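Data block below; observations after.
Every number here is computed from the coordinates shown, using simple stated rules; none is lab data. Only a predicted model underlies this, so the values are computations on that prediction, with no experimental measurement involved. Cβ placement follows ideal geometry from the backbone for every residue including glycine, while neighbour counts extend to all protein chains displayed.
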Amino acid sequence: MAALVDGVCLRFVGSQMVHRIVFVFTVLLVSCLPVHGEVIDIGNEELARLLAEGVPIIDIRTEPEWKETGIVEGSHLITFFDRYGRYDIQGWLAAVRAIVKPEEPVILICRTGNRTVSVSGLLGVREGYAKAYNVRYGIVKWIAEKGPVVPPT
């Protein structure tokens, strides 16, 4: 499958196309909205510090991904994009609101940080969450740097 953007042919394969379209759409949507909250990219040292302070962490990956790598202990497992790239913003937001209120900080993690870039923008900008932390490079780097993981429950 291919798309033509500004005269350039871009080729996408299966769910990669969906992820890219959703990502671009979300970034464009978020960039058009007034800023309400703060989105902060963090590394593993900051992640460890925030976890020690009790800031909730939400893992937006899919169940097979959680099983493959394990999860950061204490993670709330709320998938944003399913394996086909589909999502339910309202359903996901309702699940998040049950864990953390907009005036409270929240950490988002995925596999490499790509999905959480747009999702943290959704929380911080569109939904007005005070501080939405995006774990830059995701759980892959957390594990590579010997961050502890546990099996999903």
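Remarks
- Sites matching chymotrypsin sites (Phe, Trp or Tyr not before Pro) across the range 48-153 that sit in DSSP coil, with at most 11 neighbouring C-beta atoms within 10 Å: Y84
- The modelled label-to-label distance for the pair K101/D88, using points 7 Å beyond Cα in the direction of Cβ, is 2.6 nm.
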